[in-house]
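The values are calculated or read from the model by the stated rules, or taken from the named source; none is laboratory data. No experiment lies behind these values; they were computed from the predicted model shown. So basically every Cβ, Gly included, is an ideal-geometry build from the backbone, and we count neighbours across all protein chains shown.
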Protein chains: 2
Amino acid sequence: MLKLYSFGPGANSLKPLLALYERGIPFESKYLSAASFDQHSDWFKKINPNGQVPALEHDGKVITESTVICEYLEDVFTDYPSLRPADPYLRAQMRIWTKWVDEYFCWCVSTLGWHRRIGPLARSLSDADFEEHVKKIPIFEQQVKWRRAREGFPQEMLDEEMRKIEFSVRKLEARLAESEWLAGPEFSLADVCNFAIANSMEVNYAELVNARDTPHLLAWIKRINARPGAQKMFANAPGRAPSHAEVMADESKAKVTL
Amino acid sequence: MLKLYSFGPGANSLKPLLALYERGIPFESKYLSAASFDQHSDWFKKINPNGQVPALEHDGKVITESTVICEYLEDVFTDYPSLRPADPYLRAQMRIWTKWVDEYFCWCVSTLGWHRRIGPLARSLSDADFEEHVKKIPIFEQQVKWRRAREGFPQEMLDEEMRKIEFSVRKLEARLAESEWLAGPEFSLADVCNFAIANSMEVNYAELVNARDTPHLLAWIKRINARPGAQKMFANAPGRAPSHAEVMADESKAKVTL
């Protein structure tokens, strides 16, 4: 049995989802609702005590951490097309890119995302309900992040994260100006993991990611959206996230600003 | 040609060094001097434009990032004993542990290490010499860290890092109380990468890492120090870092406090 618990095709959840669809590995998909705090529910914490998605259940064992899950799927399902370069040097480049997402790119985008979405959600709860919820969060740093989001992140922190986002966008654009895919000539987990964070940036960071300033990054985002794996992933999401084309067609969804 | 540039057997540099010695892979070792800022010199930035060690040169290609280098060595030198579990689930556990070092454990220990050692070094320079040096640092966040170390890290930041160090020590102790090695029954890169950060803690954090509070962590540190690979690594370091036994025998080296 292969079952993926996720929030659907966005952020870290997108990584193993896209890897599975791209490679054509059959799996069962279980979507959790972030708005209902499913990830901190007792039933899910029995699966991942950290209360985080994505989590993969495979033959009675649970694997956590999005990037580790993608590598696990490569180690186990060797009969399917691979997203890990066969050449060791290119594979190392792939890992430098996925590591960079996990240590830098995902965090700055995450803070701004929390500021924009989790902050209002947390403020919509009464003090008592909020505290009740925070108590259920297993990771201390996540508790702190929820509290910060509710109070409002310090402007200094938001400015610093925005600086890092700008740096990240420039870095991706520079690389994609010289190479079709991030880790070399082939589409790989480097692209999957960066796409997980970058896909929504044409909408959420239109002042940074646009046809004038980042043509190569934009073309790469569109190339990945056009791949059959990505199309299937977006089409199969129940209560699904809108596709790239749909988001771009619906300007009202673009009105998210700092 | 296989050549490793490193600061010698401590922190991130220790990871690939120990992996090479443990596995018995012949290599050329080039030690850089942190006190002379070798890592930010022009000659080294031609090898790693980020100005960071460790860096591995292999047949004309350069691989960076300590954890990525360790995986690269596994991908390339398959005829030598492996430090990566063959079982995919255990391999995933190994990666969760090495990832945790890179994203959590190494950072809190690093900040305190900078506070204790880089701060005084940075303050020993004149303003002009300091600025001259900072200009040579390629990574913006590293420049900021040098400035912060010189000014003195805010107490709030030091307290938060110390909280994370305490959490890390408790986490390692709990795991090592139930398992001889971090990722399962065999010594693996999970142990190598955590040892790189934890080895000096009996000295630098004696109030946390000691026979009473963390017997299993201490036994694990000693077990790794006793391995032939580690012994060879410490013995071969020119201007070498003192071995565990030497450090413990020399109490004067232990007088480092916040």
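In segment B:163-197, how many residues are among the hydrophobic types (A, V, I, L, M, F, W, C) and within 14 Å of chain A (Cβ to nearest Cβ)?
So the answer is 7.
Test of understanding: among B:99, B:136, which residue is modelled with pLDDT of 95 or more, touching an Asp or Glu at 6+ places or on another chain (Cβ under 9 Å), of a type in the set (Lys, Arg) and more than 24 Å from residue A:65 (Cβ to Cβ)?
B:136
Would you mind stating whether residue A:120 is assigned to a helix (DSSP H, G or I) and farther than 30 Å from residue B:69 by Cα? Give the steps one after another, and end with the answer.
Working: assigned to a helix (DSSP H, G or I): yes; farther than 30 Å from residue B:69 by Cα: yes.
Considered against the rule, which asks whether it is assigned to a helix (DSSP H, G or I) and farther than 30 Å from residue B:69 by Cα, residue A:120 comes out as yes.
Inspect segment A:190-201 for any residue being of a type in the set (Phe, Trp, Tyr) and under 19 Å from the mean Cα position of the chain (by Cα) and give the result as yes or no.
Residues of segment A:190-201 of a type in the set (Phe, Trp, Tyr): A:195.
Filter once more, keeping what is under 19 Å from the mean Cα position of the chain (by Cα): A:195.
Yes: one or more hits.
Only one of B:241, B:196 is surrounded by 13 or more Cβ atoms within 10 Å (Cβ to Cβ) and at pLDDT 95 or above; which?
Just a single option satisfies the conditions, and that option is B:196.
Kindly provide the set of residues from segment A:53-109 that are buried (at least 24 other Cβ atoms within 10 Å of the Cβ) and among the polar types (S, T, N, Q), ordered by number.
Passing the criteria: A:66, A:98.
Residue by residue, here is whether (1) in contact with a Leu (Cβ under 9 Å, 6 or more places away or on another chain); (2) assigned to a loop (DSSP other than H, G, I, E, B); (3) surrounded by fewer than 15 Cβ atoms within 10 Å (Cβ to Cβ); (4) at positive phi holds:
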{"site": "A:132", "(1), (2), (3), (4)": "yes, no, yes, no"}
{"site": "A:143", "(1), (2), (3), (4)": "no, no, no, no"}
{"site": "A:166", "(1), (2), (3), (4)": "yes, no, yes, no"}
{"site": "A:175", "(1), (2), (3), (4)": "yes, no, no, no"}
{"site": "A:192", "(1), (2), (3), (4)": "yes, no, no, no"}
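How about segment B:70-93: which of its residues are within 7 Å of another protein chain (Cβ to nearest Cβ) and touching a Lys or Arg at 6+ places or on another chain (Cβ under 7 Å)?
Selection gives B:71, B:75, B:89, B:91.
Count, please, the residues in segment A:33-69 that happen to be at pLDDT 95 or above, within 17 Å of the chain's Cα centre (by Cα) and more than 10 Å from chain B (Cβ to nearest Cβ).
The total comes to 7.
Take the residues in segment A:149-159 that are in a helix (DSSP H, G or I) and without any contact (Cβ under 8 Å) to a residue 12 or more places away in the chain; name whichever of them is nearest to residue A:201 (Cα to Cα). Walk me through it before giving the result.
Going residue by residue through segment A:149-159, those that are in a helix (DSSP H, G or I) are A:149-151, A:155-159.
Narrowing further to those that are without any contact (Cβ under 8 Å) to a residue 12 or more places away in the chain: A:151, A:155-156, A:159.
Details: A:151: 25, A:155: 21, A:156: 22, A:159: 17 Å.
Ranking the qualifying residues of segment A:149-159, first place goes to A:159.
For residue B:118, are the conditions met, namely being more than 24 Å from residue B:50 (Cα to Cα) and either within 13 Å of chain A (Cβ to nearest Cβ) or surrounded by 15 or more Cβ atoms within 10 Å (Cβ to Cβ) (or both)?
On the way: more than 24 Å from residue B:50 (Cα to Cα): no; either within 13 Å of chain A (Cβ to nearest Cβ) or surrounded by 15 or more Cβ atoms within 10 Å (Cβ to Cβ) (or both): yes.
Criteria not met by residue B:118.
Return the residues of segment B:220-233 that are surrounded by 14 or more Cβ atoms within 10 Å (Cβ to Cβ), over 15 Å from the mean Cα position of the chain (by Cα) and within 15 Å of residue B:172 (Cα to Cα); say none if nothing qualifies.
The answer is B:220, B:223.
Kindly indicate which of B:138, B:88 is free of Cβ contacts under 8 Å to residues at least 60 places away in the same chain and out of contact with any Cys (no Cβ under 8 Å at 6 or more places or on another chain).
After applying the criteria, what remains is B:88.
Would you call residue B:96 of a type in the set (A, V, I, L, M), more than 24 Å from residue B:235 (Cβ to Cβ) and at the interface with chain A (Cβ under 9 Å from one of its Cβ atoms)?
Values: of a type in the set (A, V, I, L, M): yes; more than 24 Å from residue B:235 (Cβ to Cβ): yes; at the interface with chain A (Cβ under 9 Å from one of its Cβ atoms): yes.
Yes; evaluated as a whole, the condition is true for this residue.
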